[in-house]
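To keep things clear, I will list the structure first and then write my remarks on it.
The values are calculated or read from the model by the stated rules, or taken from the named source; none is laboratory data. Predicted model only: the values in this text are computed from it and were never measured. Protein only, heavy atoms only, side chains kept; ligands, DNA and RNA dropped before computing areas. Shrake-Rupley method; radii C 1.70, N 1.55, O 1.52, S 1.80 Å.
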Amino acid sequence: MFTFLSPLFLIGLLAAAIPLIIHFSRSRRTKKMRFSTTRFFTDQFLRSYRMSRLKELLLLACRMALCALLATALARPLFLPKGQSFLIGGSRCLVLVIDNSASMGYTENGVTLLERAKATARQLIDELRPGEDSVSVVLASRRDAGPEVLLTQPTADMGDALQTINSLQVAALGTDLRGAVTRAEAIALASAAQSKEVYMLSDLQDSGWELPDDSTVTPDNSDVLFFFVSVRPKTVSNLAVTAIQYAAARPMVGVPFSLRPHVAGQGEQARSCEIRLYVDGQKVAERHLEKLQDGRWAVPRFTHTFATGGWHSGYVEVQDENLTLDDRRYFAFEVLDSVRLLAINGAPSQVPRLDELFFLKTALTASADGKSPIDIQVDSPAAVANLELSKYPLAILANVEALSAPAVEKLEQFVDRGGSLLIFLGDKIDRNFYNQNMAAATRMHGGLLPGRLLAVEGNPAAAESKPDDPKAEDKFAFVANVDYEHPALSAFQDSRFANLAGVRFKALWGIDPGSSAVLMKANTGSPLLCEKAFGKGRVVLFASTCDRDWTNFPVRPAFLPWIHRLVGYLAQEPLGRQGFFATGDAVTLPVSIAERLPQVLVKKPDGSLGNATMSNDPVHPLVFADTAQVGIYSLLSADKQETAALFAVNLDSYESDLTYLDDVFAGDDAIQPAERQAKIEAGLKELLPGRPLVSYVGDAASVLDMSHDARRGFKLWDLVLWVVLVIALFEPWLANRISVRHYARPREDALSPRVVSRGLDTPLAREEATR
């Protein structure tokens, strides 16, 4: 059959009508008149006239064919006969994209999916001719630096290629099918081989294909042959721990700490299992999950009380024999013995309930036994410049009007070295001071403030005149949007934990956050809670007050867990705030601008050591990218004697979703195989715009037959261009010949007076007279 690699150019076939339109527009109708004296010219005249018309029609056909064939050549026609193989026998370049992500470790009948893919790859390599054909290998596992290319330049040494294939192992990484295909296509296009082929050997996991962003460049109808070879399992049955939710941002010594693992089930039959909690290598709890249904989740609750402070790690585990890499979920955090906080009171009062810090102190020091692990030292704005801030992990500014220049510099150095700053606004705030001294581009890291202050929104005067009036509480704004992905706010997604819906604001400061993260928003669109990274530390800004002057938040039930989680998040070590990391991620390590870049050693889960490296990001200049293993990573001190911090790296949760692209595209399993094949290939072409030569291979055993069928063909556009060249040379020659013989005016003496006198001065008569 015929196909076109650039079918849009077929619109150019309409240009073939242009010569025809011109021809008809210039044609003139003539009236026949018979003269007895000219009958002897009739036979000769008709023969000449017919010959002239035939030549003019031939010229018209040449011009129409020239336009039509040029449009056809631009559309790049490809002839694919069923019986012959014109391209087979030419040089070939194969790029094998092998998916070695975690989902390829799924075991069916004792064989992993990766072993199936490797067996298919060996079949394809065995068919190549050493010295003439070449092969390259790209891995489709997700890494921060992009897909890994094992053979950067296609090699003609098939022994090296087979050795590379045989050495592949399943990696605890996510899937990046799009990135791998794009990289493989670039390798194929750079080859001079006649047949350029890319083979994707994968389970074709749906979650492994990311949609392109706006910056993705679509190729101009690539002539690379793409084969998507599915090695997926026939049936799926899997249990996985996909996430762990914490009840608090950070645990404290002696305070019960809750963890809620998310266990996902997938498969036709419901399954029961045991789930276990391990802390510091010891099993501390176990739960039984009864008959987890397909596509459903179970969220059991574990509670553990830490007896000592410092860094602790652990994991939650289920037992599943089909896919073992998603059976565990690791965690690591620093447990607080006690926390000393510095609070700067900008509006003190002798009346306790009117003091700016009354509700904040009450919430943070509340405990069941009267022994709170949080100790708050209160001081005035004037004392900041003389305080030893390094004793505190967190400083709080509550409605502070202004600070001295030495105090601002001291706060900048404090946060840059790893401290945290929490700022509450209010009626005392001097906007000009904050914008000029804490949000100016000339300050360290662009200033401490996570955004410039605009103006007070709402009615602060009415709020202050009637602070206890319940009717005034809902006059202005309420909490509308919350970033539940943030570690300090994730628990609020469950309304049973705490509900922010009842929080109302009578006034708040308008903030232009710039590039800072907005963690909470009001229904008016104004930011309520913003966060900014500042060297090793963090600054969080709340747009309203921490007392009842502008909001009812301090007397709402949600305020206590909100401030506890926020303080716990800010009071921990800088690395611990970054939340969760997936395998393949580049972990950014905190660096102070006032200190030299340190040489950081990282101990990986297998006990080997790795070095942090420099990045091109000035905000995060130090990164650790060798995170291919799941487990606990340790940051070692300079002398390698102590563990400075821990962080956990887990498998991407999407890797446990065993939904496949062919099922998504085909939909109904009851359709005919040919229709299913067509639907899947149509879906793959949508994912790969500009690549018309896409084939889907549902059975890996038939990949060689599919490869032969797809490579049978003859690229016709070069031949069509040669025909266009010949016609382009023939057409002016024919036009010139017709003009010379029939329309050029001959010499006057060539005509007899009798012919001229009888009105027979016509082109045909002139031709006859010339003869």
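Structural remarks
- Segment 651-690 versus segment 376-417: alpha-carbon centroid distance in Å: 58
- For the set His564, His288, the ranking by accessible area, highest first and with no ligand, DNA or RNA atoms included, is His288, His564 under a 1.4 Å probe.
- Stokes-Einstein translational diffusion, segment 120-167 - Kirkwood Rh over all Cα pairs, 0.692 mPa s, 37 °C, in µm²/s: 289
- For Ile632, solvent-accessible area (1.4 Å; no DNA, RNA or ligand), Å²: 40
- ³J(HN,Hα), Karplus 6.51/-1.76/1.60, whole Hz, each residue of segment 410-427, x for Gly, Pro: 5, 5, 4, 5, 4, 6, 4, 8, x, x, 10, 10, 10, 10, 9, 8, x, 6
- Accessible surface ranking for Lys410, Lys283, Lys679, Lys196, 1.4 angstrom probe, highest first: Lys283, Lys679, Lys410, Lys196.
- By a 1.4 Å probe calculation restricted to protein chains, Arg329 has an accessible surface near 40 Å², given to the nearest 10.
- The overall shape of segment 264-404 is prolate: from the C-alpha gyration tensor, with semi-axes ordered a ≥ b ≥ c, the ratio a/c is 1.5 or greater and a/b exceeds b/c.
- Area accessible to solvent at Asp494, 1.4 Å probe radius, in Å²: 40
- Shape call, segment 115-201: gyration tensor on alpha carbons, a/c limit 1.5: oblate
- Pairs spanning more than 31 Å between alpha-carbon atoms, out of Lys118/Lys685; Lys521/Lys604; Lys506/Lys532: Lys521/Lys604.
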